[in-house]
Amino acid sequence: MANATSSENAGVAASSGRPPILSIHHTALRCFDAEAARQFYEDVLGLNFNAAQVFDHNGLEPVDFMHVFFRMRDGDFLAFFDAPRDLQPDFYKRYGQMDFRKTLRVATEAELLDVAERLSAAGVEYAGPVTHELGKSIFFKDPDGIHLEVLAPVSDYEDVLAQEKNRAREVLAGWTQKTAARKAGFKRAPVPA
Amino acid sequence: MATVASMTKDREAESETSPVIRSLHQMSFRCFDAEETRRFYEDFLGLEFCAALPTTVDLGGKQVEALRILFRMENGDFFSFYDVPDDVRPDIYQEVGPFDSHFAMKVPSEAQWDIWVDRLTKAGVEYVGPMDHDFIRSVYFKDPNGLWLEFTYQVADHEEILAREKAHSEEAMRGWIAKTGEQKAKFKKAAAAE
């Protein structure tokens, strides 16, 4: 499957007994306050506020929490837990952009500017737009300090990805060889096969 | 049969309520080792390994080398990881529990979800669940970096359940604010006083 295209890859996955992974149905992240998350994800970013479920048990232990779901256009969700017994407003401060970042996709540069305008109107600071290989992006944080990016793909997005795919294995092999010494000495669990 | 005029009107109505945010393009994380992460996301989970992008990242004001790798799902979106060998942090997510953050991967059907649960069992991957969340069913497990992942599928009446949830979501939020608002206000006040 080294050189499989996306559709061939799906076939290989099926023939090896692995059902396809379609998408991320939801991300579920802790938040300090569900209403603050709603104001940001619904009122500012324009997602659909689709569910606010109150529970007194999380399946493992008794705990009061609210689970809120915001729906994107394609039908998947950004979800949050608000558990007042364990409030940690600085939870995400430990993470930099490359440690934990959600990138949200819009279709066009005009839509990217639309999101940027909404952020400005709400007093949310953002960086960018930054032009990169896959498109243009703006960067900002949500009320919990989670790093967010909104990305508008370039017109030749699939061509760029196809070119990257052609050299990905060679680049990774070189990288693995180059960095092995810096990873030595750490005990790691075996990767499941 | 819909006329052109009524179809146009439908599209306008849809555009008023359809979020400009189309999808979650990617989640980006740190990984311990790009090849270890590839073995899990490509060889075990079957995602498409579609890019390995050498880059430089800022580490406390110093530019260091990094490799960014992308794994693609069927809808075209990604899991993305940064391997930063001058700042190896093998335990970066180890203290994060499934109720701090998790990422739910959607499979097409209950039968295919069953196959994944069986594969987790056979591969010796510990998992939590199955749990019944009404509109979805879930099992939770960890990737090699300590991130909590989930396999989920949408039950047949996923949309009907969500429509019911939506109908009382605002009321539920008002109740929640009434119940927890004071506690959070105290917390904010205490934090501000520190």
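The values are calculated or read from the model by the stated rules, or taken from the named source; none is laboratory data. Keep in mind the model is a prediction, meaning the values are calculated, not measured. Positions of Cβ are generated from backbone atoms using ideal geometry, with glycine treated the same way; all protein chains shown enter the neighbour counts. Side chains included, ligands, DNA and RNA excluded: accessible areas come from the protein's heavy atoms. Shrake-Rupley method; radii C 1.70, N 1.55, O 1.52, S 1.80 Å.
Data for the structure
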{"read-out": "Cβ pairs under 6 Å, 6+ apart, first in the range B:171-192 and without any contact (Cβ under 8 Å) to a residue 60 or more places away in the chain and within 20 Å of residue A:86 (Cβ to Cβ), second assigned to a helix (DSSP H, G or I) and open to solvent by 90 Å² or more (accessible area, probe 1.4 Å)", "value": "none"}
{"read-out": "Failed item in (1) within 27 Å of residue A:76 (Cβ to Cβ); (2) at the interface with chain A (Cβ under 8 Å from one of its Cβ atoms); (3) of a type in the set (Val, Ile, Thr), with residue B:37 passing the rest", "value": "(2)"}
{"read-out": "Any chance residue A:40 is out of contact with any Phe, Trp or Tyr (no Cβ under 7 Å at 6 or more places or on another chain) and within 26 Å of residue B:80 (Cα to Cα)", "value": "yes"}
{"read-out": "Qualifying residue in the range B:172-192 (condition: more than 9 Å from chain A (Cβ to nearest Cβ), outside any helix (DSSP H, G or I) and either under 30 Å from residue A:188 (Cβ atoms) or open to solvent by less than 80 Å² (accessible area, probe 1.4 Å) (or both))", "value": "no"}
{"read-out": "Residue in the range A:144-157 that is touching a residue at least 60 places away in the same chain (Cβ under 8 Å) and hydrophobic (A, V, I, L, M, F, W, C) present", "value": "yes"}
{"read-out": "Any hit, the range B:44-53, residues being free of Cβ contacts under 8 Å to residues at least 60 places away in the same chain, more than 23 Å from residue A:109 (Cα to Cα), in a helix (DSSP H, G or I) and facing chain A (nearest Cβ under 7 Å)", "value": "no"}
{"read-out": "Scope the range A:168-177; condition surrounded by 13 or more Cβ atoms within 10 Å (Cβ to Cβ) and not small (Gly, Ala, Ser); matching residues", "value": "A:169, A:171, A:172, A:175, A:176"}
{"read-out": "Per-region count, the range A:165-178, residues within 9 Å of chain B (Cβ to nearest Cβ), under 22 Å from residue B:78 (Cβ atoms), free of Cβ contacts under 8 Å to residues at least 40 places away in the same chain and of a type outside the set (Gly, Ala, Ser)", "value": "7"}
{"read-out": "Cβ-Cβ under 8 Å pairs, at least 6 apart or on other chains, the range A:71-89 side more than 7 Å from chain B (Cβ to nearest Cβ), far side among the small types (Gly, Ala, Ser)", "value": "A:79/A:28; A:80/A:28; A:80/A:34; A:80/A:37; A:82/A:34; A:82/A:37"}
{"read-out": "Residue ranges of strands (runs of 3 or more DSSP E) in the range B:57-136 with at least 1 members β-branched (Val, Ile, Thr), open to solvent by less than 10 Å² (accessible area, probe 1.4 Å) and facing chain A (nearest Cβ under 9 Å)", "value": "B:62-72"}
{"read-out": "Residue among B:150, B:160 that is open to solvent by 70 Å² or more (accessible area, probe 1.4 Å) and acidic (Asp, Glu)", "value": "B:160"}
{"read-out": "Of residues in the range B:24-38 being touching a residue at least 40 places away in the same chain (Cβ under 8 Å) and not in a strand (DSSP E or B), the one surrounded by the fewest Cβ atoms within 10 Å (Cβ to Cβ)", "value": "B:36"}
{"read-out": "Which listed residue, of B:109, B:169, is polar (S, T, N, Q) and over 17 Å from residue A:78 (Cα atoms)", "value": "B:109"}
{"read-out": "Hits in the range A:92-113 - residues which are at the interface with chain B (Cβ under 7 Å from one of its Cβ atoms) and under 22 Å from residue B:145 (Cα atoms)", "value": "A:98, A:99, A:100, A:101, A:102, A:103"}
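So that you can scan it fast, the table gives a plain yes or no per residue for (1) at pLDDT 95 or above; (2) touching an Asp or Glu at 6+ places or on another chain (Cβ under 8 Å); (3) more than 10 Å from chain B (Cβ to nearest Cβ); (4) buried (at least 19 other Cβ atoms within 10 Å of the Cβ):
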{"position": "A:115", "(1), (2), (3), (4)": "yes, no, no, yes"}
{"position": "A:128", "(1), (2), (3), (4)": "yes, no, yes, no"}
{"position": "A:138", "(1), (2), (3), (4)": "yes, yes, yes, yes"}
{"position": "A:144", "(1), (2), (3), (4)": "yes, no, yes, yes"}
{"position": "A:159", "(1), (2), (3), (4)": "yes, no, yes, no"}
{"position": "A:163", "(1), (2), (3), (4)": "yes, no, no, no"}
{"position": "A:186", "(1), (2), (3), (4)": "no, no, no, no"}
{"position": "A:190", "(1), (2), (3), (4)": "no, no, no, no"}
